[in-house]
Amino acid sequence: MDANTLVRDGLEVLIVVAIGGILWSSVKKLRRGEISAYTCAACGRPTSRAYPRCKHCDAVQPHGRA
Ligand SMILES: [Zn+2]
């Protein structure tokens with residue numbers, strides 16, 4: 001195992017740790033309900049607060065960020 005291999009392995013570990021951290025913080029946010037499912041006011045299906053319109057029926061949501 002030479003130095004280049006060590007560097008590459010180190011980078012792979014860093015990337016895995018970074019991705020794991022992102023996933024973990026998403027899970028924690030989900031558990032706190034910060035990105036919990038929002039139910040469409042018109043069709044009742046789960047949509048996202050991130051979008052002003054329902055992705056299913058295109059209805060404008062009351063929470064909307066217009
Ligand atoms: Zn809808």
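The values are calculated or read from the model by the stated rules, or taken from the named source; none is laboratory data. These numbers were taken from a predicted model, which means no experiment stands behind them. Because the Cβ atoms are built from the backbone with ideal geometry, glycine has one as well, and the counts that use them run over all protein chains shown.
Taking first residues from segment 21-35 that are on the phi < 0 side of the Ramachandran plot and partners that are modelled with pLDDT under 75 and surrounded by 10 or more Cβ atoms within 10 Å (Cβ to Cβ), the Cβ contacts under 6 Å between residues at least 6 apart in sequence or on separate chains come to Lys29/Ile35.
Listed here are the residues, each with its yes/no results for (1) modelled with pLDDT of 85 or more; (2) within 12 Å of the ligand (Cβ to nearest atom).
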position	(1), (2)
Asp9	yes, no
Ala18	yes, no
Gly33	no, no
Arg45	yes, yes
Ser48	no, yes
Tyr51	no, yes
Gly64	no, no
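For beta carbons closer than 8 Å, sequence separation of 6+ or different chains, a first residue in segment 1-20 that is of a type outside the set (Phe, Trp, Tyr) and a second that is in a helix (DSSP H, G or I), there are no qualifying pairs.
If the condition is being hydroxyl-bearing (Ser, Thr, Tyr) and loosely packed, with under 10 Cβ neighbours inside 10 Å, then segment 3-25 contributes only Thr5.
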